[in-house]
Amino acid sequence: MTRFIGIAGLYLAMVVAWTAAGALLLIAPARSGNLLHDQTYLFPEVHAGDWGKKLFLRAVGLGLIAFAVRFLLRLFH
């Protein structure tokens, strides 16, 4: 029973992390894009008028949330 709780906790942590990252990208795309830029330099800096970068980040956030939902559905199928 303890192993099951550990595995379930791991899956729950993964789903919560994907959902939280996706929600952050949906709610505050400029802030999260600049966080990516400042920490890893993998994404260019996002300015106030960069609607294309914000749209891309929101699409990635929506994709992360969809992935988390799909993961949960496959887990309980």
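The values are calculated or read from the model by the stated rules, or taken from the named source; none is laboratory data. None of the values given here were measured: they were computed from a predicted structure. FYI the Cβ positions are ideal-geometry reconstructions off the backbone, even for glycines, and counts take in every protein chain you see.
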Hey, could you check the range 1-23 for residues that are over 14 Å from PHE67 (Cα atoms) and among the β-branched types (Val, Ile, Thr) and say which is modelled with the lowest pLDDT? THR2
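Looking only at helices (runs of 4 or more DSSP H) that lie completely in the chain, which have at least 1 residues being surrounded by 12 or more Cβ atoms within 10 Å (Cβ to Cβ) and in contact (Cβ under 8 Å) with a residue 40 or more places away in the chain?
2-27, 51-75
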Do you know which residues across the range 32-46 are in contact with a helix residue (DSSP H, G or I) (Cβ under 8 Å, 6 or more places away or on another chain) and not acidic (Asp, Glu)? SER32, GLY33, LEU42, PHE43, PRO44, VAL46
